[in-house]
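Report on the following structure.
The values are calculated or read from the model by the stated rules, or taken from the named source; none is laboratory data. Here the structure is a predicted model, which is why all the values come from computation and not from measurement. Neighbour counts run over all protein chains shown; Cβ positions are idealised from the backbone, glycine included.
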Amino acid sequence: MIRLFELVMQILLFSFFVGLIYYVFCDFVNDIWGNSDAHAYELKDFIHEKGIDELNAYDRTVAITYYAITTLSTVGFGDFHPVGEHDRILMVIIFLVGNFLFSVILDTLCTLMKEID
C-alpha cells in the first residue's frame, strides 16, 4: 500500500514539474519573441489566453498541474488546450512523455499486484 502511495505522489510531483516547465517555456518564448509586433499574433498560449498568469501562486500551481495531468494522461478535457504553434510543439513532446509514463505506471501497478498475490 505504501508503494502505491509513493507511486501516486511521484505522478503528482512529475505532473507538477511538467506543468512548471510548460509555464516557464511559454513565459520564456513570450519574453524572447513576444515583444516583436511581427510575431505577436503567433505567440498565443493557453496561459495568457485563460489568464493563468494573472492568478495567485496557489491557483496557478493547481491550474498548471491540472493541465499537465490531463495532458500526460492523454485525457485532455478541452478546457485547456494549446493555442499557439509553440504550444502545439511542446504538447507533442509532452504527449510522448505521457505515453511512456503511462506504460511505466502500468508496469509498476502490475508488479505491485503480483507482489500482493
(request) Would you please name the residue that is modelled with the lowest pLDDT, looking only at residues in the stretch 13-72 that are of a type in the set (Ser, Thr, Tyr) and within 8 Å of the chain's Cα centre (by Cα)? (result) Thr71
(request) Starting from the stretch 88-101, take each residue that is closer than 14 Å to Gly19 by Cβ and list its partners that are part of a helix (DSSP H, G or I) and not aliphatic (A, V, I, L, M), counting only C-beta distances under 8 angstrom and pairs at least six apart or across chains. (result) Leu90/Tyr22; Leu90/Phe25; Met91/Thr71; Ile94/Tyr22; Ile94/Thr71; Gly98/Thr71; Leu101/Phe14
(request) Report whether or not Phe95 is on the phi < 0 side of the Ramachandran plot, surrounded by 13 or more Cβ atoms within 10 Å (Cβ to Cβ), of a type in the set (Phe, Trp, Tyr) and modelled with pLDDT of 75 or more. (result) yes
(message) Looking at the structure I just gave you, is Arg88 more than 17 Å from Ser15 (Cβ to Cβ), among the basic types (Lys, Arg) and more than 10 Å from the chain's Cα centre (by Cα)?
(response) yes
(message) Being not hydrophobic (A, V, I, L, M, F, W, C) and not in a helix (DSSP H, G or I) is the requirement here; does Asp79 meet it?
(response) yes
(request) Output the number of the condition that Val8 fails; it satisfies all remaining conditions of (1) loosely packed, with under 12 Cβ neighbours inside 10 Å; (2) over 30 Å from Ile116 (Cα atoms); (3) of a type outside the set (Ser, Thr, Tyr); (4) modelled with pLDDT of 80 or more. (result) (2)
